[in-house]
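Peer 1: Sending over a structure as structure tokens; questions will come in a sec.
The values are calculated or read from the model by the stated rules, or taken from the named source; none is laboratory data. Every value quoted in this text rests on a predicted model; they were computed, and no experiment measured them. Note: ideal-geometry Cβ built from the backbone for every residue, glycine included; neighbour counts use all protein chains shown.
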Amino acid sequence: MAALILFGGGGDLAMRMLLPSLYFLDHDGLLPPELKIIGAARSQETAEDYIAKVRQAVQPRAEAADAWDETSWARLTRRLDYLAVDATDAESLRALKARSGDGPVTSFLAVSPSLYGRIVTAMKTAGLAGPDDRIVLEKPVGRDLESFRAIDDAVAHAFDESQVFRIDHYLGKETVQNLIALRFGNAIFEPLWNNLTIDHVQITIGETVGVGDRWPYYDEYGALRDMVQNHMLQLLCLVAMEPPSDLDPDSVRNEKVKVLRSLRHVTAEDAERVTVRGQYAAGKVEGRPVESYQTERGQPSDTETFVAIRADIDNWRWAGVPFFMRTGKRLAEKRTEIVIQFKPVPHSIFGHGERGDIYDNRLVIELQPDEDISLSVMNKKPGLEQRMQLQPIRMSLSWGQDGKEAAPPRRRVAYERLLLDALNGDSTLFVRRDEAEQAWKWVDELADAWACRECKPLDYAAGSWGPEAADLLLSRTGRKWNVR
Ligand code: BG6
């Protein structure tokens, strides 16, 4: 009988994401029938108390998604168990091993990464790192290349790389996988997917939430390490990678590593030209006044809550095509999108001006708040005017327009797909060691460049789209953000 152990089973990630995901999977009949799920944490409580807490976390989420039913809940509770453990102590973990039975064990570490090294060492001694067992590591693994390697060396001591699943929950998002389908399941995009046709790419991950009481973690990491090193670079890789030969985990990840290796290093001389650091000041978000980061933090801080970067990929496909990335807390909208901006028509036959009223084609891959892929194209305005009038129209490419192909269930949590893949041993959507290393290397160089130039974060009003310098990053080159 297989088991899934959630280390940090009572924590925020487990309650907000992992257990609701497991409920949804079970509700849809996707969990292996015999799978046991064991919450493991320090708190001395009974399995009954734990299950009651899980219900409090899961039920509202499932109700909001119109997916709550007592039968599914009863099925999940039959799988659920809890054990109070000190995860760094092998003796304590032996009891957990005994509780998990004889089958393969997948352990999800949803605890502070500073404990990863000690936990895996204890797991090995306790017999939780056998050849059929797997380990899932939540980000951030390390704070820089050096600390990443230290943790990963400890992991490699206990587990073979094929047993290690480094999670980036952005890869579990439906639209991200749809991007792979769009690029490699259609022949029409590939001939356009290069520097001959594409002018630039934009990736925005905007959040309206502030850092709040997460500052003890966040203040040490900042937006660069919290979002760019992982989510942002993963999205960039999926847009920029060469077609893999198949969907085998290594084929896909080999291509992503090549992109990361081709990223131009940000040097100290370039730091101010190609990057912007920001930190939110007080302002208004969604009509509500909010405090500055430093007020939440309770003391002055130089941590950035916003980053904008112009990245260049030095290879044949992308030479001369800038990738503009920005992410931040307390921005105007919760919005994640990738914009592929195509080049203008070389000559307009319609307008009086040079280009007339033609807008350049744009493919927008929206991940949040809605999931959609849309292409804007020019169309003739209906009518009998003498001079042909044009208008841009937006065509959705993601869900069937005729209503026959169902829209995705709204409730999907990105972790559902990833938990299922980890349980099935499919690592395609997980980050390989060399990929994480390469991403850290690039981020470390950027952080060093900032340190060398003493780049302090620029203030931006909460509720805006970041410092003005982020607009200048594009406008200097005659471009602008899709949303601003
Ligand atoms: C996490 C970051 O990885 O992603 C958070 O640590 C961030 O700071 C979150 O808020 C954003 O995820 P999503 O899925 O809400 O865009």
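Peer 1: Can we say residue 244 is more than 14 Å from the ligand (Cβ to nearest atom) and assigned to a loop (DSSP other than H, G, I, E, B)?
Peer 2: yes
Peer 1: Moving on to the next point. Looking only at residues that are of a type in the set (D, E, K, R) and within 32 Å of the chain's Cα centre (by Cα) in the stretch 357-395, which one is farthest from the ligand (Cβ to nearest atom)?
Peer 2: Among those that are of a type in the set (D, E, K, R) and within 32 Å of the chain's Cα centre (by Cα), it is 360.
Peer 1: While we're here: Would you pick out the residues in the stretch 32-47 that are touching a residue at least 60 places away in the same chain (Cβ under 8 Å) and either crowded, with 24+ Cβ neighbours inside 10 Å or assigned to a loop (DSSP other than H, G, I, E, B) (or both)? Spell out how you get there, then give the answer.
Peer 2: Step one: list which residues in the stretch 32-47 are touching a residue at least 60 places away in the same chain (Cβ under 8 Å), which gives 32, 34-36, 38.
32, 34, 35, 38, listed by residue number.
Peer 1: Might you let me know whether the stretch 175-182 holds any residue that is surrounded by 19 or more Cβ atoms within 10 Å (Cβ to Cβ), within 16 Å of the ligand (Cβ to nearest atom), hydrophobic (A, V, I, L, M, F, W, C) and assigned to a strand (DSSP E or B)?
Peer 2: Scanning the stretch 175-182 turns up no residue that is surrounded by 19 or more Cβ atoms within 10 Å (Cβ to Cβ), within 16 Å of the ligand (Cβ to nearest atom), hydrophobic (A, V, I, L, M, F, W, C) and assigned to a strand (DSSP E or B).
Peer 1: Out of curiosity, is residue 257 surrounded by fewer than 22 Cβ atoms within 10 Å (Cβ to Cβ), within 21 Å of the chain's Cα centre (by Cα) and not in a loop (DSSP other than H, G, I, E, B)?
Peer 2: Values: surrounded by fewer than 22 Cβ atoms within 10 Å (Cβ to Cβ): yes; within 21 Å of the chain's Cα centre (by Cα): yes; not in a loop (DSSP other than H, G, I, E, B): yes.
Considered against the rule, which asks whether it is surrounded by fewer than 22 Cβ atoms within 10 Å (Cβ to Cβ), within 21 Å of the chain's Cα centre (by Cα) and not in a loop (DSSP other than H, G, I, E, B), residue 257 comes out as yes.
Peer 1: Residues of the stretch 421-456 being under 19 Å from the mean Cα position of the chain (by Cα) and among the aliphatic types (A, V, I, L, M), which ones?
Peer 2: 422, 429, 431, 436, 439, 443
Peer 1: Out of curiosity, is residue 297 free of Cβ contacts under 8 Å to residues at least 12 places away in the same chain and either of a type in the set (Phe, Trp, Tyr) or within 16 Å of the ligand (Cβ to nearest atom) (or both)?
Peer 2: In short, no.
Peer 1: Something else now. Could you go through the stretch 263-282 and let me know if any residue there is in a helix (DSSP H, G or I), within 29 Å of residue 185 (Cα to Cα), within 22 Å of the chain's Cα centre (by Cα) and in contact (Cβ under 8 Å) with a residue 12 or more places away in the chain. Write out each step before concluding.
Peer 2: If we filter the stretch 263-282 for residues that are in a helix (DSSP H, G or I), which is where we start, we get 271-274.
Now restrict to residues that are within 29 Å of residue 185 (Cα to Cα): none.
No, the stretch 263-282 contains no residue that is in a helix (DSSP H, G or I), within 29 Å of residue 185 (Cα to Cα), within 22 Å of the chain's Cα centre (by Cα) and in contact (Cβ under 8 Å) with a residue 12 or more places away in the chain.
Peer 1: Can you name the residue in the stretch 93-128 that is touching a Leu at 6+ places or on another chain (Cβ under 7 Å) and not hydrophobic (A, V, I, L, M, F, W, C) and, of all such residues, is nearest to residue 142 (Cα to Cα)?
Peer 2: Initial filter on the stretch 93-128 (touching a Leu at 6+ places or on another chain (Cβ under 7 Å)): 93, 95-97, 99, 105-110, 116, 119, 122-123, 126, 128.
If we keep only those that are not hydrophobic (A, V, I, L, M, F, W, C) as well, we get 97, 99, 106-107, 116.
Values: 97: 27, 99: 30, 106: 21, 107: 19, 116: 10 Å.
So, considering only residues that are touching a Leu at 6+ places or on another chain (Cβ under 7 Å) and not hydrophobic (A, V, I, L, M, F, W, C), the one nearest to residue 142 (Cα to Cα) is 116.
Peer 1: What about residue 251, is it within 21 Å of residue 448 (Cβ to Cβ), surrounded by fewer than 22 Cβ atoms within 10 Å (Cβ to Cβ) and among the hydroxyl-bearing types (Ser, Thr, Tyr)?
Peer 2: Numbers: within 21 Å of residue 448 (Cβ to Cβ): no; surrounded by fewer than 22 Cβ atoms within 10 Å (Cβ to Cβ): yes; among the hydroxyl-bearing types (Ser, Thr, Tyr): yes.
No: the conditions fail for residue 251.
Peer 1: Let me ask you something else. With respect to residue 242, determine if the residue is under 30 Å from residue 461 (Cα atoms) and either exposed (fewer than 15 other Cβ atoms within 10 Å of the Cβ) or touching a residue at least 60 places away in the same chain (Cβ under 8 Å) (or both). It would help to see each step written out before you state the result.
Peer 2: Details: under 30 Å from residue 461 (Cα atoms): no; either exposed (fewer than 15 other Cβ atoms within 10 Å of the Cβ) or touching a residue at least 60 places away in the same chain (Cβ under 8 Å) (or both): yes.
Against the criterion (under 30 Å from residue 461 (Cα atoms) and either exposed (fewer than 15 other Cβ atoms within 10 Å of the Cβ) or touching a residue at least 60 places away in the same chain (Cβ under 8 Å) (or both)), residue 242 does not qualify.
Peer 1: Just the residues that are in contact with a Ser or Thr (Cβ under 7 Å, 6 or more places away or on another chain) and over 15 Å from residue 367 (Cβ atoms), please, taken from the stretch 227-248.
Peer 2: The first filter runs over the stretch 227-248 and keeps only residues in contact with a Ser or Thr (Cβ under 7 Å, 6 or more places away or on another chain), leaving 227-228, 232, 244-245, 247.
Answer for the stretch 227-248, where residues must be in contact with a Ser or Thr (Cβ under 7 Å, 6 or more places away or on another chain) and over 15 Å from residue 367 (Cβ atoms): 228, 244, 245, 247.
Peer 1: While we're looking at this one, here's another question. Taking residue 55 and the conditions (1) more than 23 Å from residue 130 (Cβ to Cβ); (2) modelled with pLDDT under 95, which numbered condition does it fall short on, given that it satisfies the others?
Peer 2: Here residue 55 meets the rest and fails (2).
Peer 1: Name every residue in the stretch 206-223 that is surrounded by fewer than 22 Cβ atoms within 10 Å (Cβ to Cβ) and in a helix (DSSP H, G or I), in order of residue number.
Peer 2: Within the stretch 206-223, 212, 213, 214, 215, 216, 217, 219, 220, 221 qualify.
Peer 1: Quickly run through the stretch 307-336 and pick out the residues that are outside any loop (DSSP other than H, G, I, E, B), more than 16 Å from the ligand (Cβ to nearest atom) and within 22 Å of residue 468 (Cβ to Cβ).
Peer 2: Filtering the stretch 307-336 for residues outside any loop (DSSP other than H, G, I, E, B) gives 307-311, 313, 323-328, 331, 335-336.
Subset that is more than 16 Å from the ligand (Cβ to nearest atom): 308-311, 313, 323-324.
Across the stretch 307-336, the qualifying residues are 308, 309, 310, 311, 323, 324.
Peer 1: Of the numbered conditions (1) surrounded by fewer than 22 Cβ atoms within 10 Å (Cβ to Cβ); (2) at negative phi, residue 29 satisfies every one except a single condition; which is it?
Peer 2: For residue 29, the exception is condition (2).
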